[in-house]
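Colleague: The structure that follows is given in the form of structure tokens.
The values are calculated or read from the model by the stated rules, or taken from the named source; none is laboratory data. Quick caveat: nothing in here was measured; it's all calculated off a predicted structure. Because the Cβ atoms are built from the backbone with ideal geometry, glycine has one as well, and the counts that use them run over all protein chains shown. Accessible surface is based on the protein model in full, side chains and every heavy atom, while ligands, DNA and RNA are left aside. Shrake-Rupley method; radii C 1.70, N 1.55, O 1.52, S 1.80 Å.
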Amino acid sequence: MARGYDFQAIEAKWQRVWEESGAFAATEEPERRKFYLLEMYPYPSGRIHMGHVRNYAIGDVLARFLRMRGYNVLHPMGWDSFGLPAENAAIEHHTHPAKWTNDNIAYMRTQLKRMGFSYDWQREITCSDPAYYRWGQWLFLKLYEKGLVYKKSSAVNWCEVCQTVLANEQVEGGLCWRDGTSVVQKELPGWFFRITAYAEELLSSLDNLSGWPEPVKVMQRNWIGKSVGAEVCFPLADREGALTIFTTRQDTLFGATFMVLAPEHPHALALAQGTSQEQQVRAFIERMSREDRLQRTAADVDKAGVFTGAYAINPLTRERIPVWIGNFVLLEYGTGAIMAVPSNDQRDFEFAQKYGLPIRLAVKPVDVDPDERHLQQAYEGEGVLVNSGPFTGMASQQAREAIADFLEREAIGKRTVNYRLRDWGISRQRYWGNPIPIIYCDGCKTVPVPYRDLPVILPQNIQITIKGGSPLQKVAEFTDVLCPRCGAPARRETDTMDTFVDSSWYFLRFTSPKDEDGPVTPAHVNYWMPVDQYIGGIEHAVLHLLYARFFTKTVRDLGMIAVDEPFRRLLTQGMVCKETHRCPEHGFRLPEEVDASSCCRTCGRPVQIGRIEKMSKSKKNVVDPEDLLAQYGADTARLFCLFAAPPERDLEWSDQGVEGSFRFLCRIVRLIEDQEELLKGPNPSIPFQKLIAGRALYRKAQQTIRRVTEDIEDDFHFNTAISALMELANEIGRFELVGSADDADERRVAYSYAVETLLLLLSPFAPHLCEELWERLGHDGSIFQAPWPSYDPAIITAEEIVVVVQIDGKVRSRLVMPADADDTAMRGAALADERVKGWLEDRPIRKVVVVPKKLVNIVIGGVR
RNA sequence: GCGAGAGUGGCGGAAUGGCAGACGCGCUGGACUUAGGAUCCAGUCCGCCUUUGGCGGAUGGGGGUUCAAGUCCCCCCUCUCGCACCA
């Protein structure tokens, strides 16, 4: 450890000071500019990891910076503390989920405090606390009253490992988002939030979120998946009834030569009944119901289907067309039935080819006339209508409108908008979640728990098992209640809510975390909301961020808040990665399991220094923040996380890079310690204009103020801000503090100014050390009460500039000129320069381009 | 397949269309030292020369616009992420 930098003592000291003085508590002050800064709250898994450190370090720099800039900053922290890991831990360690969770929270809270993050801990939220989840139940009931919550039985995503339902958003590539195991379909009753009622607004208001990264908005747009088209009614042939389909390509209706239903379509079996196809249809539907649906609908699975034996009438051609059942048609999208236009849709084309169904061209490319009998693939682009009765010859875009008009006029169909977004299933068959406040009564059916009876408290006395349904079902004192409406014996709902419900409104609760009269206090929530800056991982691009937007809009429509969107600006930080070590025999190895010659310590075989991967226990490439705290302290850990990469990019961990950040802080200590006596004394006051020996250093300090301020403010480029601070530190280090007797005073003024500026600018990044050194320089009070330094544009501008002289775009000379040199002077000086003359050799000058104060480019062209 | 982002020294990364490689890591040499894995100083893209100093080349590849391109436009390659039979 370096002399003089006792980070353990320094960090403990200032954390205590901050805690005792309540330095970061926020209160509403309507006359001040507010700033609500929020980082995604963590799941209390046991200990913080490097991803947390990075996320929260980014946030904390902003929080401290903004406070020094005069903002009234709300910077709270809480715990996303419901969820399955608590139950798994309960089973493994024979402990109670509540105890496990609360112990973890207690430990992680101390870890966050040891990192020196400037949270208003008085506003801490724990979402497994009845004081919080009570209001989640309250909101559930309000939405229930408005018809935005409903119960239905449906095929749901079921994770066998978690023994619970997953929302569509929680299934990634057919696998459970949490444990990566396969998900099966299961018919189950459950509660849903009608997020589809907000589909259009969730989509359109993305356009107003200029402070969000484009990739996140794109992902949300894709997820919502708006399609504009029409529903068209196809009457059945030879019998009553009709099939309704959804299409975005009503311009291709004349090419619809057959129809396909989803296997689960309610008419699928009925249509085949009494035909010779009945047996085959029954067998096909049964086979499909056994197959995993996510596999069945994967794009690379071969299309398969069966003829129902029934026919429908194409309402435009009046032709009889066969009705099929196909594996590639989804019940949940549109109407669960399609018209098949094999000439103009590749999926239909493949199906038609396989089963020998007719193909008739409806739209052709403008300048080609394909032979429809020998099509190699469908033509899906825009073009001109053919074989389309009165619409033949029309451009396809126009035809979509014309045919939609025609359908509506003839009452055959109507314009429709379809969304890929489905309603959000929130029922979870697990214990450790917010109980759904519903009671089932034989007489009164579904009865909401009266508001006065909230919260429905999770029973403490419980047996947690993974198998055999929700643990709550077996707790009679929980389930057995009297119906609040008629007083008869009734049963409580035993499902709990998805934890994403808790995180969909916690940011509102932070504005009045202790209000016992409602989920939010209007005066407070309207002062603080929206969150001005939200920071978190990209992995929540659709899940959490879509749900939170939805909840904000519903709470707005309950009249409780004024904002349309919760998060004005969003920063998605990259992952923390590190190289991996892989032994051919033992798989991933810890760094200490590899010897100096890159061989496995267990078997001696050479270890591959593998790819840079996201830190994870299974890849054995994690760095524990705790070790970092012990070896280097919080300031170094924070500084490295911010310096190694810009925040939105992945960060590659480097032990040597950490060492470098630590060295930088040691250097700062020396800059001050070596001159402590001199710096402490009273400083003479000398205006900048009188500075000679100290002029350059003073100016550098001012330039650094500008760079750091702009880097933080404009786009969170903390890495370049830190590099500017390093430059300033280097220049201070080079500065000769002791000069001649005449200039001793002005040298001291410049040095002192530069050092203090450096500390102020560095303080958001390395808060403990800067507090300590600030105090040692003789200041009373916290450095964070000092205003952020300002600069004088006149001082930043140097008296002299270096003008680059190019000939044909190549640098040939540099001229030192007065800063006020105008274009004519620059041009004249460039042409008069001896080196330039040597290059010109009397050749004619075609053009001279002058970039004010920077560059002169002399164009002669041709050969040299 | 569709969509988004990225590709710059040995490495992490800098560069409002205006000197490519700031800052850091690593490395090389030197100083101070009983010692150095501390600290300080110098050097560090590649090639060439007449070696003080010059010249040429270089930002995944190829074209283009421009006095001037890492940056703007077109085509291609590679990687990462997201979506993926959504009618």
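Colleague: Consider A:Ala378 against the criteria (1) farther than 24 Å from A:Thr244 by Cα; (2) in contact with a Phe, Trp or Tyr (Cβ under 6 Å, 6 or more places away or on another chain); (3) modelled with pLDDT under 95: it satisfies all of them except one. Which criterion is unmet?
Modeller: Unmet condition: (1).
Colleague: May I pose another question? For residues in segment A:713-729 being more than 17 Å from A:Ala701 (Cα to Cα) and within 6 Å of RNA strand B (Cβ to nearest atom), which is farthest from the chain's Cα centre (by Cα)?
Modeller: Top of the filtered list is A:Asn719.
Colleague: Counting just the residues of segment A:550-563 that are of a type in the set (D, E, K, R) and out of contact with any helix residue (DSSP H, G or I) (no Cβ under 6 Å at 6 or more places or on another chain), which one comes out least open to solvent (accessible area, probe 1.4 Å)?
Modeller: Ranking the candidates gives A:Arg556 first.
Colleague: Would you check if A:Glu710 is acidic (Asp, Glu) and either more than 42 Å from the chain's Cα centre (by Cα) or within 21 Å of A:Glu673 (Cβ to Cβ) (or both)?
Modeller: no
Colleague: Mind checking which pairs have a first residue in segment A:212-226 that is more than 27 Å from A:Gly334 (Cβ to Cβ) and a second that is within 9 Å of RNA strand B (Cβ to nearest atom) and among the charged types (D, E, K, R), Cβ under 8 Å, 6 or more apart or different chains?
Modeller: A:Pro213/A:Glu648
Colleague: Give me the pairs: first residue in segment A:792-820 and within 22 Å of A:Ala750 (Cβ to Cβ) and outside any loop (DSSP other than H, G, I, E, B), second residue open to solvent by 30 Å² or more (accessible area, probe 1.4 Å) and within 14 Å of RNA strand B (Cβ to nearest atom), beta-carbon distance under 7 Å, and six or more apart or on different chains, which are they?
Modeller: Final answer for the pair search is A:Ile796/A:Gln703; A:Ile796/A:Arg706; A:Glu800/A:Val816; A:Ile801/A:Lys853.
Colleague: So for segment A:430-445 (the condition being closer than 30 Å to A:Leu316 by Cα and open to solvent by less than 30 Å² (accessible area, probe 1.4 Å)), does at least one residue qualify?
Modeller: Scanning segment A:430-445 turns up no residue that is closer than 30 Å to A:Leu316 by Cα and open to solvent by less than 30 Å² (accessible area, probe 1.4 Å).
Colleague: Consider A:Gly393 carefully, then state whether it is in contact (Cβ under 8 Å) with a residue 24 or more places away in the chain, assigned by TED's automatic domain parsing to the domain that holds A:Glu231 and on the phi > 0 side of the Ramachandran plot.
Modeller: Against the criterion (in contact (Cβ under 8 Å) with a residue 24 or more places away in the chain, assigned by TED's automatic domain parsing to the domain that holds A:Glu231 and on the phi > 0 side of the Ramachandran plot), A:Gly393 does not qualify.
Colleague: Which members of segment A:403-422 meet the condition of being part of a helix (DSSP H, G or I) and buried (at least 16 other Cβ atoms within 10 Å of the Cβ)?
Modeller: A:Ile403, A:Ala404, A:Phe406, A:Leu407
Colleague: While we're on this one: Count, please, the residues in segment A:674-707 that happen to be more than 27 Å from A:Arg69 (Cα to Cα) and within 12 Å of RNA strand B (Cβ to nearest atom).
Modeller: Residues in segment A:674-707 being more than 27 Å from A:Arg69 (Cα to Cα) and within 12 Å of RNA strand B (Cβ to nearest atom): 1 in total.
Colleague: Next up: Which of the helices (runs of 4 or more DSSP H) contained wholly in segment A:474-545 include at least 3 residues that are touching a residue at least 60 places away in the same chain (Cβ under 8 Å), over 21 Å from A:Pro130 (Cα atoms) and more than 16 Å from RNA strand B (Cβ to nearest atom)?
Modeller: It comes to A:522-528.
Colleague: Just one of A:Arg409, A:Arg415 is within 30 Å of A:Phe192 (Cα to Cα) and not aliphatic (A, V, I, L, M); which is it?
Modeller: Result of the check over A:Arg409, A:Arg415: A:Arg415.
Colleague: Could you list, in sequence order, the residues of segment A:331-367 that are within 30 Å of A:Glu286 (Cβ to Cβ), surrounded by fewer than 17 Cβ atoms within 10 Å (Cβ to Cβ) and not aromatic (Phe, Trp, Tyr)?
Modeller: A:Glu332, A:Gln346, A:Glu350, A:Gln353, A:Lys354, A:Gly356, A:Pro358
Colleague: Restricting to segment A:34-52, count the residues that are more than 25 Å from A:Asp129 (Cα to Cα) and modelled with pLDDT of 95 or more. Break it down into steps so the answer makes sense when it comes.
Modeller: Going residue by residue through segment A:34-52, those that are more than 25 Å from A:Asp129 (Cα to Cα) are A:34-35, A:50-51.
Retained after the next criterion (residues that are modelled with pLDDT of 95 or more): A:34-35.
Number of matching residues: 2.
Colleague: Now for a different question. Go through the residues of segment A:571-581 one by one and say whether even a single one is touching a strand residue (DSSP E or B) at 6+ places or on another chain (Cβ under 9 Å) and farther than 30 Å from A:Ala541 by Cβ.
Modeller: yes
Colleague: Have a look at A:Gly136, A:Gly83, A:Gly78 and point out the one that is under 30 Å from A:Asp557 (Cβ atoms), crowded, with 20+ Cβ neighbours inside 10 Å and touching a Gly at 6+ places or on another chain (Cβ under 8 Å).
Modeller: Of A:Gly136, A:Gly83, A:Gly78, the one residue that is under 30 Å from A:Asp557 (Cβ atoms), crowded, with 20+ Cβ neighbours inside 10 Å and touching a Gly at 6+ places or on another chain (Cβ under 8 Å) is A:Gly83.
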